[in-house]
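Notes to accompany the following structure.
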């Protein structure tokens, strides 16, 4: 019986891992708040660096949920868009006299330029929910790793719930922005941030293609 349960659990997990994709087009209708809470709970269960955050009385991980059309979303969007435009300008200036950087970052710079000119931030406003995850900064500085664990858990849970999920990576650049942090109600500079968009997907994605494990693995003596 235990073996049967183990096989079934592994089969379900393998299926969820294989189905996890980044959705960039969302339906306009909102998924339920209960579904969002289940995604957040999965993030809460993710590993964290307990030794790095010490014995703070305030919990080290926070979630901030903004609904499309809400006052918080309306306030946050122009701030994040401003950061996108700042990043685009800085990267363009950096590539001007650095051919190596241009070769490496040219495609990304082009995407930033398009977003900047069109006045869009992928995931913010296009999806029903924009979720910001905050991880308290500590020592050693491992907050980004903890956020990666948290977002991956959330992503897998969203996949299991048939929800679309998209990382909003520019959120990581907002951790010291006073106006953005004021919307969240946290002091600027004390928390590391990352964001994601969640909602019902409107795009049908083909399965992800990965090489066989044998092609990318080397067993060392």
If you take the beta carbon distance between residue 27 and residue 214 as r and set R0 to 45 Å, what does 1/(1 + (r/R0)^6) give as a FRET efficiency, to the nearest 0.05? 0.70
Just to be sure I understand, if you calculate Rg/Rh (Cα atoms, Kirkwood Rh) for this structure, which of [x] 1.32; [y] 0.93; [z] 1.00 do you get? [z]
For the chain, set up a Gaussian network in which alpha carbons nearer than 10 Å are linked by springs, and say which option among 12, 130, 200 fluctuates the most. 12
Could you tell me the calculated FRET efficiency between residue 12 and residue 71, based on Cβ-Cβ distance and R0 = 41 angstrom, to the nearest 0.05? 0.55
For the chain, modelled as a GNM with alpha-carbon contacts under 10 angstrom, which of 186, 124, 114 fluctuates the most? 114
To make sure I understand, if each residue's beta carbon is the centre and we count other beta carbons within 10 Å, what order do 3, 203 fall in, fewest to most? 3, 203
Only counting other Cβ atoms within 10 Å, I'd like 210, 20, 68 sorted with the fewest neighbours first. 210, 20, 68
Roughly what % of DSSP beta bridges within the chain run antiparallel, to the nearest 5? 95 percent
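Here, each number is a calculation from the coordinates, and none is a lab measurement. No experiment lies behind these values; they were computed from the predicted model shown. Reconstructed Cβ throughout: ideal geometry from the backbone, glycine too, with neighbour counts over all protein chains shown.
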